[in-house]
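Step one of this worksheet: look at the structure below.
Laboratory data are not the source of any read-out in this text; all were calculated from the coordinates shown. Keep in mind the model is a prediction, meaning the values are calculated, not measured. Note that we place each Cβ from the backbone using ideal geometry, even for glycine, and neighbour counts take in every protein chain shown.
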Amino acid sequence: MAEIGVDQWVEQSDERTQERRGLTAPVRRIFNQLAPGWRLAIFAVSVAILPFFLRQGEVRIGVSVLILALLALGLNVVVGWSGLLDLGYAAFIGFGSYFYAIVASDQLPAHWPTVVAVPIIVIAAGALGVLVSLASRRVQGDYLAIVTLFFGLIFIEIAVNFGRLPFVSENLNLTGGPNGIPGVDPWSLFGYQINTNNRYYYLLLIVLVLLIIGLHNLDNSRMGRAWRATRDDPLAAAHMTTPVNKVRLLAFAVGAAIAGFTGTISTAVLVGVFPNTFKLPLLIMIFAAVILGGSGSIPGVIL
């Protein structure tokens, strides 16, 4: 936000001249002059050719990096654009992971087609995000962080102890307890099975590019401006007729839907789901990507 009595042109002079310094200055100047679409194309092509120079183990690392990039983009919507401290984000990933594992394995058994299971999971994860975000109507800041952290801890306990919960039959253990759910079906799109590291790598790259395009357009829309206005000054945004509560609910829903969707791919890659995956280290890693890359910046978060 602009500060009263501060000449921003003068204040940003060092930032502007930084482009003209260093050995990489010419490349940076050219890159910054490119349209966003060309920048994304250069990024996509560069990442797409990497598997031709990598071993299978290194491609698997690339798959993990792309999964984390998707998760960081989802968290960036909630934290970076809306300014809501969501410490229960890992629970939405777990929700999508467990949901997919239950309906795409012998756990029920169900073995739903991917094109049926994934849209249902995304919608369900978004709805769960709305329910959790109802707390943001009354609490903010550290208090909201505590509420969402509590939700994340509850999810792990439910995943581990589902068979011992009240009103649940001991013969029904949807989550598999501490052992999780192994033997999950791979993604299958219109008869084409995605069951190798290279296939998952390119699937994730396509999904990442589409998500970047969608989020870029969303960030430059009225909703994106409403998110940033709510983050910077919710009281002023409310006085300017911005529906602050609805905007926050939508941010939670979008972030949760992205997390749930990514959870389905992650579970298919691992061929199973396990409760220890969604504990604090995963949350810290995703937050580190958002913070170190620059909260609110799509290229920074991915980098």
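Has the stretch 177-185 got at least one residue that is part of a loop (DSSP other than H, G, I, E, B) and acidic (Asp, Glu)? Yes; the residues of the stretch 177-185 include at least one that is part of a loop (DSSP other than H, G, I, E, B) and acidic (Asp, Glu). Of the set (1) of a type in the set (A, V, I, L, M); (2) free of Cβ contacts under 8 Å to residues at least 24 places away in the same chain; (3) closer than 14 Å to Gly74 by Cβ, all apply to Leu215 but (2).
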